[in-house]
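Just below is one structure, and these are the notes that go with it.
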Amino acid sequence: MTVSRPFAPTDLLQLVSVPVIWGVNNVAAMIAVRELPPLMVAGLRFAIVLACVFWMIKAPPKGRVWLFLGMLACVGPLHFGVQYAGLGLARDLAPMVVAMQLWAPASVVCAALLLGERVGLLRWTGVVIAFAGAASLTFDPVVFAQWGALAMVGGASLAYGLGTVLVRRLSGAMGAWTMQAWIALSCAPTLILGSLVLETGHADKIANASWLAWACVAFGAIVSSIVANAFMFRLLQKFEVSRTTPYMLMTPLISFTLAAVVLGDDITPRILIGAGIAMAGIALVAWAEQRRA
């Protein structure tokens, strides 16, 4: 029987830092897209990331180029482009945060359909509960008025869920930092070009954007994409996934709190109930994954 090593103070600090950073970044992204074109925000974020990690780019895995490109599209431009566009349409962050978490149950469905993976009753139950909770958000008038944004953010999460399954198909083909560099390379030019074609008012918005908006773009690139991922990769190399995953469920809680305090979101009882149901389903999926491991 393998004895789990205890968390050192540095490990625990990093483990708590990751969901805090990601929770703060959701708010930072919302602040940025309120002042700058959403696709431009996402493109600039990954341009900064690319400048920091471009030297990690290596040749795609031989014989699996199409699988690699499909994975890259799902976890890169499709995910971040559609998500940021959805945030740009949203009035409130809280329901969007719930939709962002749907990648976990979506990955279960994709694994069953594409990989023929056996999915136990416990995980299917979690999937159904998670999607039911997210769907119930639309019964709230505050959220229903933003159903288009919610659908886009939810769709981005589905793309990411599919992407994670394709990542598993490429397991061992490339390192985590090489994949991060490729994601940045796929996102930066694609999303900036998409912004120039689909969005307007760039010159005016860039000239009038506050220092806070630019700081939020930099935070997303340096702190969220690079620092938090570095922490997460290190922790996953040292500890079992079953011990690190539960901490990540802090992310929506932090985003909810900051959305209410910083952004002044209208978080109604119906939103809280729907979010609670969805997060219970996601927690059940995570717990089922741990039991399987």
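The values are calculated or read from the model by the stated rules, or taken from the named source; none is laboratory data. This structure is a prediction, so every number in the text was calculated from the model and none was measured. Heads up, the Cβs are rebuilt from the backbone with ideal geometry, glycines too, and the neighbour counts pull from every protein chain shown.
Filter the stretch 202-258 down to residues that are modelled with pLDDT under 80 and of a type outside the set (A, V, I, L, M, F, W, C), then give me how many there are.
Qualifying residue count, the stretch 202-258: 10.
Among (1) farther than 24 Å from residue 268 by Cβ; (2) at pLDDT 95 or above, there is one condition residue 83 misses while meeting the rest; what is its number?
Every listed condition holds for residue 83 apart from (1).
Where residues in the stretch 125-151 are modelled with pLDDT of 85 or more and more than 24 Å from residue 267 (Cβ to Cβ), which of them is farthest from the chain's Cα centre (by Cα)?
125
If you check residue 201 against the conditions, is it surrounded by fewer than 16 Cβ atoms within 10 Å (Cβ to Cβ), on the phi > 0 side of the Ramachandran plot and touching a residue at least 12 places away in the same chain (Cβ under 8 Å)?
The answer is yes for residue 201.
May I ask you to list pairs of residues, at least six apart or on different chains, whose Cβ atoms are under 6 Å apart, with the first in the stretch 22-50 being under 10 Å from residue 191 (Cα atoms) and the second being of a type in the set (D, E, K, R) and not in a helix (DSSP H, G or I)?
Listed by first residue and then by second, the contacts come to 39/199.
Is the stretch 62-83 home to any residue that is part of a helix (DSSP H, G or I), under 21 Å from residue 219 (Cβ atoms), among the aliphatic types (A, V, I, L, M) and over 14 Å from the mean Cα position of the chain (by Cα)?
Checked the stretch 62-83: no residue is part of a helix (DSSP H, G or I), under 21 Å from residue 219 (Cβ atoms), among the aliphatic types (A, V, I, L, M) and over 14 Å from the mean Cα position of the chain (by Cα).
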